[in-house]
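Below is one structure, written out as structure tokens; comments come after it.
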Amino acid sequence: MRILLIEDDEVLLELLLRALTSQHYGVDTATEGQTGWDYAQSTSYDLILMDVGLPKLDGIALCQRLRAEGCSTPILLITARDASSDRIRGLDAGADDYLTKPLDLAELQARVRALLRRGEIPIAPVLQVGDLCLDPSSCQVSYAEKPLRLTPKEYSLLELLLRNPSRVFSRGQIVEHLWTFDEPPLEESVKVHIKGLRQKLKAAGAVDWIENVYGLGYRLSPKLNAPVAEPPLPEAMEQPFNRALEDLWQQYQGLMGQRLAALQIAVRAVEAGSLSEPLRQEAEQAAHKLAGVLGMLGRDTGTLLARQIELILLEPDPLLPAQTRQLVVLVQELGQLLDLTQPQSALPNLDQSSPVPLSQRGDLDPAPLRVGGVGGAYPLNVLVVDDDPVFLAALRLILEPWGIRLTGLDDPLRFWQVLPAAAPELVILDVEMPQLSGIELCQAIRNDPDWQGLPIFFLTAHRDSDTIEQMFAVGADDYVTKPIVGPELLTRITHRLERIRTLQTLASRDPVTGLANQPQSSRSLERLLQPQQGFCLAVIRVSELRQINCQYGHATGNQLLQQWGRLFQAALQGTAVLGYWGDGDFVVGLPGLTRTAAAERLSALLATLRQQIFSAPDGSRFQAVFSFGVAVYPLDGMNLQSLYQVASATVDPWQVGCC
């Protein structure tokens, strides 16, 4: 389980970190509230533990901000013993629990376990499925009453699966839950730990309890009866995909050979003591691009070698003798692995800077992959900006079988020309590009009034804290490390877009009536103010809403507003602009109608509203008094505010409901 710890006292931070990691939790730390906010936005945590008195953004304000953004992660506050007001304000702000200083570490661990147990499905303090038991309080695991010896990561992985039975976790999600920013996983780490846990469970008698869901990830699937072998992976998806990757490798062997040659030239220059800065930069870029793409082409070891070569080339000159020897060996191993024995052909003509989506280009036929794809399950437009055409072509193979329409661009200087034609729902930017970095491009997008809300992912080969902090500082929504793993990227994209769409809906809808709120409906109404067409604005006001709230309670008032919202949608949805502006004001925009026609159009709705009878908590029943008025554009006003004032002041006695 992964915890975010936010504490500005270095001594207490270290003490809490040791206490939590001793229980096998993955812990990310921050020393001020703004950094904590950035971490919480970028990663899914199982628990947030924070002090109230934080610099830049205090704990209570941070808690309010998280809850306002829809974050449901349990929050545990740390307060001073005599600060009862902080505890009250913290709980009111959305915190789930609090601890007072000085802290009792045993109590802290117990409260953390209690909060982690909370969820939609109650979970017992001891996690048990069949004969498999995990006790979070003692970190002991047993099967058929025999203890299992697990590594800390294997323990954490098993706990994650037991706490979320039947849920499928991608490798990216497992990394988010179990690894911190300070301990990024090595290549294939998740697979290694899954394999180790499976072997230990199998040796104890729990055979095939961790299921591999092809293309998605892993889940706990206990075989409580006779063991059943896992079904083979569907050949219709796997084999064509592997063939397409191999075809792509053959197509770009010439470019791979050029990059390897750049490294070999740099090695000879290092050995001769004549490595120039341009030559070093060219070799470093070649290693960087090889590291980013070889893993996607099924050559994971090549990614590891290229990444080590890149790190050595980033060291200041002159290199130490040991570094030189290591560089020589690594480049030799990379050359043997790639086995580029064929003649280096000219670089294939793949003009990814074209605004035409890759799915419409003929450079690589994706038809074999489409046989096994899900055929449009995620109809999304994604614009990817990366200066490596091989990476763009490989990414196309990964995403397009899932219905994602991909537009690739290898020249960031043409971004603003391509953007309107691509009309993406999400942009993916490489951090390191020679003409214009992804950081600079992200800043430009966030400063553009038309595109500043566009979700932005970063691609990076590094997970150092400085790079991550810089990405989120300029407005990134998420980042993905190279080489890309398809299901992880797909999961991150869809989850992010679903979250953004949910937040946009929450931001544009009144939570009680379900109608568009004042800012959202005002924008829609403004577009109807056209001189060439008629327009009427109607205001229907619950005249005694405040008295109803005072006399019967806000729950009763909300019940009235909810019922009215449903009636408005049933009567007018699709034919009018509907909005709720607060304080009992329902606003209706009716295009193309005169005042008389608007009144006739609303007469049936008004009659229905008069018939509504509501029950109060004391058992009494009442009807709502309301007023109704209409204003006509441009006769009664030239803007929305003046029309609203006229409609609000118009009350016809025959249109007033009575109690």
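Each value in this text was obtained by applying a stated rule to the coordinates, not by laboratory testing. Note that the structure is predicted; figures quoted are calculated from it, not measured. Every residue, glycine among them, receives a Cβ derived from its backbone with ideal geometry; neighbour counts consider all protein chains shown.
A few remarks follow.
- Counted residue by residue at 0.36 nm each, then reduced by the alpha carbon distance between them, the extension gain from Val126 to Asp9 reaches 38.8 nm.
- Protection proxy ranking, highest mean first, for peptides 520-531, 561-572, 168-179: 168-179, 561-572, 520-531, where packing is the per-residue count of other beta-carbon atoms within 10 Å, averaged.
- Most tightly packed first, judged by the mean number of other beta-carbon atoms within 10 Å of their residues, the peptides 275-288, 132-145 read 275-288, 132-145.
- Pairs of C-alpha atoms in the stretch 1-54 farther apart than 13 Å represent 53 percent of all such pairs.
- Pairwise label distance in nanometres, Asp92 with Gln251, each label 7 Å out on the Cα-Cβ vector: 6.2
- For the stretch 275-294 and the stretch 569-624, distance of Cα centres in Å: 67
- Per the Debye calculation on the stretch 415-480 with a single equal scatterer at every Cα and no solvent contribution, log₁₀ I(q)/I(0) for q = 0.12, 0.18, 0.21, 0.26 Å⁻¹ amounts to -0.27, -0.62, -0.83, -1.24.
- Two-decimal log10 I(q)/I(0) for the stretch 586-643, as the Debye equation yields it once each C-alpha is a single scatterer, q = 0.22, 0.29, 0.31 Å⁻¹: -0.91, -1.25, -1.32
- The peptide list 533-544, 60-71, put in order of mean Cβ contacts within 10 Å with the highest first, becomes 533-544, 60-71.
- Whole-number D in µm² s⁻¹ for the stretch 540-659, Kirkwood Cα-pair radius fed into Stokes-Einstein, 10 °C, 1.306 mPa s: 106
- All other residues whose Cβ lies under 11 angstrom from that of Trp416 are scored, Lys and Arg at +1 and Asp and Glu at -1, for a net of -1.
- Modelled label positions at Arg18 and Leu635, each set 7 Å beyond Cα in the direction of Cβ, lie 8.1 nm from each other.
- Distribution of pairwise C-alpha distances over the stretch 1-114, 10 Å bins, in %: 15, 54, 30, 1
- Cβ-defined net charge surrounding Ala607, 14 Å radius [Lys, Arg +1; Asp, Glu -1]: +1
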